[in-house]
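The values are calculated or read from the model by the stated rules, or taken from the named source; none is laboratory data. Here the structure is a predicted model, which means the values were calculated and not measured. In this analysis, Cβ positions are derived from the backbone assuming ideal geometry, glycine residues included, and neighbour counts consider all displayed protein chains.
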Amino acid sequence: MEEEIEVTSVTRQGQKVDQSNFELLKVLGQGSFGRVFLVRKVPGPQGGTDAGTLYAMKVLKKATLKVRDRVRTKMERDILADVDHPFIVKLHYAFQTEGKLYLILEFLRGGDLFTRLSKEVMFTEEDVKFYLAELALALDHLHKLGIVYRDLKPENILLNSDGHIKVTDFGLSKESLFEEKKTYSFCGTVEYMAPEVVNRKGHGTAADWWSYGVLMFEMLTGALPFQGQNRKETMTMILKAKLGMPQFLSAEAQSLLRALFKRNPANRLGAYTVTTHMQTHQHICPCLCVCACVHVCGVTVNQMSLCSMCLSIYTSFRAFNS
């Protein structure tokens with residue numbers, strides 16, 4: 001008999017709910033072991049201020065979940081219950097019945113980045129800067145909590161009605177990875193895997209910054225930087241192939257990509273300390289100076305100290321939060 005994986009309930013302002021508190025409107029998506037529904041919160045006996053609010057309800061059938069999938073579901077629930085960030089999807093409720101698990105997530109009207117990229121093929125550098133800034137802040141927040149995301153790809157980046165991102169799907173994430181601690185799991189989508197994930201030598205938060213570079217490259221060019229005819233060839237290219245840098249990219253974008261695609265994770269952008277970056281400023285960094293000066297400290301920085309890409313990101317981030 002398979003071990004039962006307990007998924008603790010999540011409540012909002014102490015308000016316990018069950019499936020009767022949500023009106024099913026339509027199916028948003030369907031997988032091998034569950035569905036995602038658009039639902040509307042209906043008033044319950046305990047009241048609540050969110051009656052009428054639309055949510056995305058993820059329903060998983062316990063009977064079709066393998067132990068690995070149950071563990072991943074619990075991981076996603078635990079992380080989302082603890083994380084509160086403007087660019088990470090919010091978990092409002094979680095509960096279970098004898099046969100099903102329920103995660104009630106915020107509903108995002110803008111679809112996902114994959115759909116938008118499929119329609120437009122590639123984005124302008126201005127659009128990419130905007131997405132990178134918000135994504136960098138989300139990753140930086142997770143890393144400070146000791147969480148490695150490990151599944152960064154366009155399908156897992158949702159968009160709200162105003163076009164701002166929300167990172168979703170934390171089933172492959174790993175907790176409690178601080179400082180030099182590593183994990184050795186081989187997981188994720190191979191085209192976005194860092195070399196240290198592919199060769200199974202152990203990886204930490206720097207692996208997310210390689211995937212961040214892959215996503216940046218894909219948004220700017222409409223193609224993946226390392227993609228072979230099959231899985232094995234793709235993995236070999238990630239480990240050994242020279243990066244083909246399209247010359248239509250700006251010098252700033254090329255500089256950032258080269259800093260992100262360092263095969264040695266210790267040399268990769270994201271492994272540097274904020275102090276080192278601010279002192280040397282050798283790379284165009286949409287994460288470290290913005291996170292340090294705005295997100296963490298909440299202070300106004302000396303804009304003259306920022307490079308052009310960071311200045312653009314800093315300005316847009318301050319405007320968004322004003």
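Numerical summary
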quantity: T73 vs. criteria crowded, with 20+ Cβ neighbours inside 10 Å and either of a type in the set (S, T, Y) or under 22 Å from L142 (Cβ atoms) (or both); calculated: yes
quantity: From the options V10, V36, residue that is modelled with pLDDT of 85 or more and surrounded by 17 or more Cβ atoms within 10 Å (Cβ to Cβ); calculated: V36
quantity: Number of the exception - A94 against (1) within 18 Å of the chain's Cα centre (by Cα); (2) touching a residue at least 60 places away in the same chain (Cβ under 8 Å); (3) buried (at least 21 other Cβ atoms within 10 Å of the Cβ); calculated: (1)
quantity: Region 126-153, residues that are of a type outside the set (A, V, I, L, M) and surrounded by fewer than 18 Cβ atoms within 10 Å (Cβ to Cβ); calculated: E126, D127, K144, G146
quantity: Any hit, region 220-239, residues being in contact with a Ser or Thr (Cβ under 6 Å, 6 or more places away or on another chain) and farther than 19 Å from K153 by Cα; calculated: no
quantity: Every residue from region 50-73 that is of a type outside the set (A, V, I, L, M, F, W, C) and in contact with a strand residue (DSSP E or B) (Cβ under 9 Å, 6 or more places away or on another chain); calculated: D50, G52, T53, Y55, K58, K61, K62, T64, D69, R70, T73
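Condition check ((1) more than 21 Å from D78 (Cα to Cα); (2) in contact (Cβ under 8 Å) with a residue 60 or more places away in the chain; (3) in the same structural domain as Y184 (by TED's automatic domain parsing)) across all residues:
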position: S118; (1), (2), (3): yes, no, yes
position: M122; (1), (2), (3): yes, yes, yes
position: D127; (1), (2), (3): yes, yes, yes
position: A133; (1), (2), (3): yes, yes, yes
position: A138; (1), (2), (3): no, no, yes
position: H143; (1), (2), (3): no, yes, yes
position: L152; (1), (2), (3): no, yes, yes
position: N160; (1), (2), (3): yes, no, yes
